[in-house]
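The values are calculated or read from the model by the stated rules, or taken from the named source; none is laboratory data. Just so we're clear, the structure is a prediction, and the values are computed from it rather than from any experiment. For neighbour counting, all protein chains shown are included, and Cβ atoms are generated from backbone atoms with ideal geometry for every residue, glycine included.
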Amino acid sequence: MRRTIAEESILLTSVVKWIVLASCTGVIVGLAASGFLLLLSWAINVAGRHQYIFLLMPVAFFLSSVLTIYLAPDAEGHGTEKVIEAIHKYASKIPIAVVPVKLVATIVTLAIGGSAGKEGPCAQIGAGLSSLFAGFLKFEEKDRRKLVICGISAGFAAVFGMPIAGGIFGVEVLFVGSILYDVLLPSFISAVTAYQISSSFGITYFRPFPIIIPTIKEMFLIKVIIAAIIFGIVSVFLSEGMRAGHKFSSRMHAWAPMKGFFGGAVIIILTLIFGKQYLGLGLENIESRLDGQNVSWYVPFVKIIFTSVTLNYGGSGGIITPIFFIGSATGAIIASVLHMDSGTLSAIGLVSLLAGAANTPLAASIMAVEMFGSSIGPYAAVACIVSYLISGHRSVYPSQILAIKKSLSLNVQIGKEMHDVRASFHPRRKTIISVLISLWRKAREKWRERGQ
């Protein structure tokens with residue numbers, strides 16, 4: 001009896017402790033994220049009054065690169081990736097200089113028209129403030145990590161207005177195929193708290209959209225699975241596009257700010273060729289697809305190029321909003337081929353591409369329900385899981401740690417960062433893949449014998 005009372009007392013104390021700490025983190029991050037989002041919205045509105053503001057892109061990327069290199073190198077690129085890297089490699093310690101530098105660099109990038117999102121900076125700002133809070137409390141590494149994860153979740157929830165998806169995202173994004181259950185409670189509390197604060201400031205992401213689910217659902221499900229396979233393939237293009245952009249940038253022997261100037265010039269040329277719809281956050285374009293507007297087949301791939309150049313050549317921002325752009329556009333394209341409701345498949349594509357590119361199928365599935373309602377939930381969940389599997393062992397967050405194989409027929413090394421993972425075929429007896437390969441080899445041998 002005494003042992004039971006002692007155990008429950010310790011657990012109760014731990015629960016109360018993390019409720020208080022997570023609530024404080026949610027308040028801090030909610031206020032900071034709200035301030036950032038309001039300032040960003042003001043800057044975009046002011047810059048948007050000038051039709052040719054995008055011509056300043058080389059200057060914007062140059063300034064963003066100078067800020068990050070000389071004041072806070074950890075603020076480079078898209079923020080969530082740097083937080084994941086800090087958690088895995090640097091004991092969750094994030095320099096406080098990252099917060100103001102990331103804020104200014106992102107506003108400069110997005111206001112001028114860089115192709116990026118606002119969720120990554122919010123996650124990094126939240127994680128940076130959480131790390132400072134943990135340092136003030138003199139936390140050890142494990143507790144510091146918990147608090148930094150709370151910062152990620154709070155920042156995500158504040159931007160998108162989705163507390164449940166935000167809470168799950170923070171504990172799912174660090175490892176591919178594993179969830180940190182010990183951080184679930186504080187992660188959810190910080191996300192809900194930050195969401196309530198951002199909502200009180202009137203911050204919203206998307207307006208409500210009508211979702212049409214047909215009466216005959218069996219054929220609809222089959223079409224969703226077919227579409228999900230394509231979403232997974234497109235997420236591969238995105239991951240590889242980001243990797244290629246990083247490779248080309250690293251091979252360019254030049255002062256980093258000059259790389260930014262070059263990247264800005266490339267964006268100007270691309271804009272003159274393809275138009276201005278690929279610039280900035282692109283929320284209006286996403287909403288038009290959710291309303292059922294059709295798009296050209298090349299739109300997702302052009303957006304991948306814009307985003308890769310922006311984030312690998314001096315620009316600062318997140319990658320999830322571009323993922324939404326690419327996913328919704330891909331959904332609209334597939335809908336016209338499969339004769340489905342364009343808005344509904346755009347919504348499924350929006351979350352499915354996130355599941356495949358970021359390896360977060362649970363957070364993406366919950367996001368679909370929070371964003372579009374419960375009727376889309378079962379189909380979005382299936383699509384998210386299929387996209388996650390099809391995307392393979394790749395990620396737009398290269399510092400994610402691989403915790404599980406996506407197929408037993410693939411040989412990969414568990415525990416490595418995603419940018420170091422290389423998959424190879426691992427044949428097994430009496431599997432569909434091995435049987436197909438065996439049949440192919442026999443057919444090829446017979447073809448050769450006939451040729452002789």
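Just a few scattered comments:
- Any hit, the range 362-384, residues being outside any helix (DSSP H, G or I) and touching a strand residue (DSSP E or B) at 6+ places or on another chain (Cβ under 9 Å): no
- Of all residues making up the range 295-343, the number that are surrounded by 22 or more Cβ atoms within 10 Å (Cβ to Cβ), among the polar types (S, T, N, Q) and within 24 Å of Ala380 (Cα to Cα): 4
- Matching residues in the range 302-322 - criterion: being hydrophobic (A, V, I, L, M, F, W, C), in a helix (DSSP H, G or I) and touching a Gly at 6+ places or on another chain (Cβ under 8 Å): Ile304, Ile305, Val309, Leu311, Ile320
- Taken over the range 346-377, residues that are farther than 24 Å from Tyr397 by Cβ and either among the acidic types (Asp, Glu) or out of contact with any Ser or Thr (no Cβ under 9 Å at 6 or more places or on another chain) (or both) amount to 3.
- Among the candidates Lys430, Lys446, Lys405, the residue that is at pLDDT below 80 and either part of a loop (DSSP other than H, G, I, E, B) or in the same structural domain as Leu221 (by TED's automatic domain parsing) (or both) is uniquely Lys430.
- For the residues Ile152, Ile230, the requirement of being assigned by TED's automatic domain parsing to the domain that holds Phe36, modelled with pLDDT of 90 or more and crowded, with 16+ Cβ neighbours inside 10 Å singles out Ile152.
- Yes/no for Val99 being within 20 Å of the chain's Cα centre (by Cα), within 21 Å of Ser399 (Cα to Cα) and crowded, with 24+ Cβ neighbours inside 10 Å: no
- Helices (runs of 4 or more DSSP H) wholly inside the range 92-172 that include at least 3 residues being out of contact with any strand residue (DSSP E or B) (no Cβ under 9 Å at 6 or more places or on another chain) and farther than 28 Å from Val66 by Cβ: 119-136, 141-160, 163-172
- Filter pass, Ile414 being surrounded by 24 or more Cβ atoms within 10 Å (Cβ to Cβ) and either not assigned by TED's automatic domain parsing to the domain that holds Ile323 or not in a strand (DSSP E or B) (or both): no
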